[in-house]
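Every read-out reported here was derived from the displayed coordinates using simple, explicitly stated rules and does not represent laboratory data. Note that the coordinates shown come from a computational prediction; the quantities given were computed from them, not determined experimentally. All Cβ positions, glycine included, derive from the backbone under ideal geometry; neighbour counts span all protein chains shown.
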Amino acid sequence: MPELLSLLIALVVLVVAARLGGSAAERIGQPPVVGEMVVGIALGPSLLGWLWPAAAATLFPEDLLPHLFTLSQVGLLIFMFLVGLEFDHGQLRRLGHTAVLASHASITIPALFGCLAALYLYPRLSSDAVGFREFALFMAVAMSVTAFPVLARILRERRLQDTPLGTVTIACAAVDDVTAWCLLAGVVALVRVAHGGLPVALMVAGLAVYVGAMLVARRTVLPAILTTFQRRERLTDNLFAAVIALVLLSAWVTEWLGLHLLFGAFFAGVALPKSDLFVRALRERLEMVATVLLLPIFFAFTGLRTEIGLVQGREMWFYFGLILLLAVSGKLLGSTIAARMTGLSWRDATALGILMNTRGLMELVVLNIGLELGVISPALFSMMVLMALVTTFMTTPLVEVVYGRAQRRTGVVPTKQLTAVQPDFAP
Amino acid sequence: MAAITRVLSQYLLLVGLPAIGIAAALQAGTTVRAPADISGQWHVTAISRGTVPGSCLASVGRDGPIPLRITQSGRYLSARMRGWHHRASGSIESGRITLDWPGVQEPPCVRAVRIDAQVAKETDGQLSLSGTMRIRDCSECGVARFVAEKQATAVVRSEVP
């Protein structure tokens, strides 16, 4: 019982603090996720635990952490399902040359920079418990991630979503997401096989059966969910339960296979046949609980693992500077050059590069998986979290620099008005 | 035809070349070595103790092995010893570890303490440490010698914090 009381108090603090952080971020023109990330870090050992260790220990006692971890995973399941749900297959078919090249370049170039960073950082910030290949591939994926939901929100707030730039950016980010998650699934599988998970043959066979089953279900069983929704013209409790069951089952399978439960949730969202109304109905049911209650727990949990105190001394800050430089330049250069070469103006190409550099919550999800697997060390985790925070923070001001004047000339709708009209599921 | 060639060359330049670079980096990385993984829980057993009565080295490990928890980020270490108030920071270089506790400890350990130790791999693959603890700037305090064994189950890095 005392544990339950502690959990309730911790949840109250997390929900209120996340709201305050999100609102404060919005006031300075930032996406709420920036404020929520900062609040999460502030509640951990980097600030509260450092300034007032007794309060931190009372608020987040050790026996509470497994409960917070479980709740945060449920929040992420919903979040990843919604990300997958937003993925539009038609978008891939409609992709122009610009989007194809820019999206692929915005993965391969940051991935190359990630591997080069790994060559330097592996002997300094890793240990022989992790092989170089796993470490380098993880760094490659972590550098390639783009926060699709945050990016979509920024585009909407700047009224850029229907411009050629907006369309290309959304397509690039969607391709990036799917590719990055597939690559990460490969890295997770490599690590788990190396550390005594399922045998490779069983994992590959299981994965083939899973993918096959999802493809078959997408053509046979799953369309029934959409047609029932269209016939009833609303999301009934039974339909909602069927969707939730699909997500949980898919997550269970991928976790059992030695990938990660989040892949299952993501691919369930991708596989589900969808219409705009159906997506909106599901989003309305799920997003409030996920963004207001469960994701702040994930931010706090990430904050509890982030110890900025571990990044001490000139050397460590130099490593952080290097990571930040490579992360920003990889995304910015890759996307900008590719977009420019395929015909976008320098201004649009630069804006695309800046937008693709947004990492936000997606990066935190990837980093937490890396830390859980032991692929990255606590200090490197803290540096990468800071990098995610900085790259997310810098996006809006930089887009403002590139587009600000032009937007003001054409009369942009104020941010608050847009947010009220077009709510977004992502923090 | 010219358009196809242009598209192809752009793709090769921006996707093909980086992909080759990734493969080259992965190949180059096979020769790169990381420090030994010493993160986790250790049990420190004193072999000999310090000479000044009342100093922490004179009493270290008197009641049996002391748990030492090491958190590792590559060559950078931080550690906590049970009963010692503060956290140590240190490093590992070529299998040799150094850990420094700051000058303000709970009595009787009121002065800065340094651990120097060598990591060794036993025949069964288990890691061990052997080394010394000394009070910094106090040559007359002597040294305490110790050995430590790594506990197999605890892996600090992947623990829920």
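Applying the Karplus relation 6.51 cos²θ - 1.76 cosθ + 1.60 with θ = phi - 60° to region A:335-348 yields 3J(HN,Hα) values of 6, 5, 5, 4, 5, 5, 5, 9, x, 6, 5, 4, 5, 5 Hz, where x marks Gly and Pro. Taking other C-beta atoms within 10 angstrom as a stand-in for reagent exposure, A:CYS115, A:CYS172, B:CYS141, A:CYS182 fall in the order A:CYS182, B:CYS141, A:CYS115, A:CYS172, fewest first. Taking A:PHE87, A:PHE79, A:PHE320 in turn, the Gaussian network model of chain A (Cα-Cα springs below 10 Å) assigns the largest fluctuation to A:PHE320.
Taken as Cα centroids, region B:116-133 and region A:149-179 sit 54 Å apart, rounded to the nearest whole angstrom. What's the center-to-center distance, using Cα atoms, between region A:254-285 and region A:1-35 in Å? So the separation of the two Cα centres works out to 26 Å.
Seen from every direction in turn and averaged, the convex hull around the alpha carbons of chain A projects onto 21.2 nm².
Averaged across the residues of A:304-315, what count of C-beta atoms belonging to other chains lies within 10 Å of each residue's C-beta? Mind dumping the intermediate values first?
On the way: counts 2, 3, 1, 4, 0, 3, 5, 2, 3, 2, 0, 3.
The mean count of partner-chain Cβ atoms within 10 Å per residue comes to 2.
Tell me, what is the FRET efficiency for A:ARG347 and A:GLU3 to the nearest 0.05, using R0 = 56 angstrom and their Cβ-Cβ distance as r? For A:ARG347 and A:GLU3, the calculated efficiency is 0.50.
Shown in residue order for region A:318-332 are the 3J(HN,Hα) couplings computed by the Karplus curve 6.51 cos²θ - 1.76 cosθ + 1.60 at θ = phi - 60°: 5, 4, 4, x, 5, 4, 5, 4, 5, 5, 5, 5, x, 5, 5 Hz (x for Gly and Pro).
Entry note, the protein assembly as shown: the mean residue ellipticity at 222 nm calculated from DSSP H runs of n ≥ 4, each adding -39500 (n - 2.57), is -20500 deg cm²/dmol after division by the residues and rounding to the nearest 500.
Assign unit charges at the C-beta atoms only (+1 for Lys and Arg, -1 for Asp and Glu), then state the dipole size of the protein assembly as shown relative to its Cα centre in Debye, rounded to the nearest 20. Don't jump to the answer; show the numbers that get you there.
Numbers: 48 positive and 38 negative charges, 229 e Å.
In total the dipole reaches around 1100 debye.
Highest mean packing comes first when the peptides A:386-398, B:2-14 are listed by Cβ atoms within 10 Å, giving A:386-398, B:2-14.
Which order, highest average first, do B:33-42, A:227-236, A:97-106 follow once you tally other Cβ atoms within 10 Å for each residue and take the mean per peptide? Walk me through the numbers before you get to the answer.
Values: B:33-42: 20.5, A:227-236: 12.4, A:97-106: 25.6.
The densest-packed peptide leads the list: A:97-106, B:33-42, A:227-236.
So for A:MET316, B:MET1, A:MET139, fewest C-beta neighbours within 10 Å to most, what's the order?
The order, fewest Cβ neighbours first, is B:MET1, A:MET316, A:MET139.
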